[in-house]
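Encoded as structure tokens, the structure appears first; notes follow it.
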Amino acid sequence: MAKPPSYALFVVSAASYWTLKDGTRHPTGFWAEELVVPHRILSDAGYDITISTPGGVPPTADRASLMLEFNDGDKDKVDALTDYLASIGAPLESPARLEDVAADESIYDVIFYPGGHGPMEDLAVNETSGDLLTRRLDSGRLLALLCHAPAALLPAKRPNGDWPFRGYLMTAFTNAEEEAVGLASKAKWLLQDRLVEKGADFDEGAPWLGHVVDDRNLHTGQNPASSELIANKLVRVLEQSR
């Protein structure tokens, strides 16, 4: 019997900056590794991937994510990230509009949000994304967010105003990691703090080490080092459910 088609939706920040507390704009976007590695792993596993952004705006790769100093000086890694981004250039240049694809989340086997500081600027206040995440959570189907992407959970809400993710065990880029990159003191707010304030059961792993947290159909990864871990987890869970 032929294997049914498999579909994944990547919801990517369209922001190219993050506004700091002094009003200045810190250049940002999606973190290359966090998009590339899950995209490659899911694509290799046979998933047809749709990339979407708010408004269908072409997403920007955070320039730091393609610098040697943020990739352990590994030129081969940077070259591989750059080459893969070029290979998926067409969908990145013309992404689907989140407002269109969010209307029917049921066709996707998995919905995945990669990180970078970008989600803290746009997805953190995007009601369409918040509604999509609420419906996805309630569907019991696979949902995953990585690094700063759990910022997109913040606008999710029930009709009565309750936060759907209250009490869920999750992780994200931590206060300690923001401190280490020199942005904690400059930020308007920190993701770990906001998630805890909303009622998340936050699970903080060691800085810079891969750390993935699973709670029911919600899977979250802490940092770029978690990219391969969370992508492989998604493939395993999806295969077990077939």
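Checking each residue in the range 151-189 for being in contact with a strand residue (DSSP E or B) (Cβ under 6 Å, 6 or more places away or on another chain), within 19 Å of Trp208 (Cα to Cα) and surrounded by 24 or more Cβ atoms within 10 Å (Cβ to Cβ) picks out only Thr171. Among the aliphatic types (A, V, I, L, M), farther than 18 Å from Phe173 by Cβ and within 17 Å of the chain's Cα centre (by Cα) - does that describe any residue in the range 66-73? No: the range 66-73 contains no residue that is among the aliphatic types (A, V, I, L, M), farther than 18 Å from Phe173 by Cβ and within 17 Å of the chain's Cα centre (by Cα). Being touching a Ser or Thr at 6+ places or on another chain (Cβ under 6 Å), open to solvent by less than 20 Å² (accessible area, probe 1.4 Å) and not in a loop (DSSP other than H, G, I, E, B): is that true of Leu35 here? No. Every residue in the range 81-110 that is open to solvent by less than 60 Å² (accessible area, probe 1.4 Å) and farther than 24 Å from Leu133 by Cα, please. Hits for the range 81-110 are Leu81, Tyr84, Leu85, Ile88, Gly89. Evaluate the following for Val78: is it free of Cβ contacts under 8 Å to residues at least 40 places away in the same chain, surrounded by fewer than 23 Cβ atoms within 10 Å (Cβ to Cβ), of a type in the set (Val, Ile, Thr) and within 18 Å of Leu145 (Cα to Cα)? Spelling it out, it is not the case that Val78 is free of Cβ contacts under 8 Å to residues at least 40 places away in the same chain, surrounded by fewer than 23 Cβ atoms within 10 Å (Cβ to Cβ), of a type in the set (Val, Ile, Thr) and within 18 Å of Leu145 (Cα to Cα). Just one residue in the set Gly73, Gly55 is touching a helix residue (DSSP H, G or I) at 6+ places or on another chain (Cβ under 9 Å) and either assigned to a loop (DSSP other than H, G, I, E, B) or open to solvent by 20 Å² or more (accessible area, probe 1.4 Å) (or both); that residue is Gly55. For beta carbons closer than 6 Å, sequence separation of 6+ or different chains, a first residue in the range 11-22 that is assigned to a strand (DSSP E or B) and a second that is modelled with pLDDT of 95 or more and buried (at least 20 other Cβ atoms within 10 Å of the Cβ), the qualifying pairs are Val11/Ser52; Val11/Tyr113; Tyr17/Thr28; Trp18/Thr28; Trp18/His117; Trp18/Met120; Trp18/Glu121.
Identification of helices (runs of 4 or more DSSP H) wholly contained in the range 80-149 with 2 or more residues that are touching a strand residue (DSSP E or B) at 6+ places or on another chain (Cβ under 7 Å) and closer than 15 Å to Asp48 by Cα yields 89-93. Checking each residue in the range 4-24 for being open to solvent by 60 Å² or more (accessible area, probe 1.4 Å), over 29 Å from Thr50 (Cβ atoms) and of a type outside the set (S, T, N, Q) picks out Lys21, Asp22.
The values are calculated or read from the model by the stated rules, or taken from the named source; none is laboratory data. The structure presented is a predicted model; accordingly, all values stated were derived computationally and were not measured. No Cβ is skipped: glycine too gets one built from the backbone with ideal geometry, and neighbour counts run over all protein chains shown. To get the accessible areas, we keep the full protein, side chains included, count just its heavy atoms, and leave off ligands, DNA and RNA. Shrake-Rupley method; radii C 1.70, N 1.55, O 1.52, S 1.80 Å.
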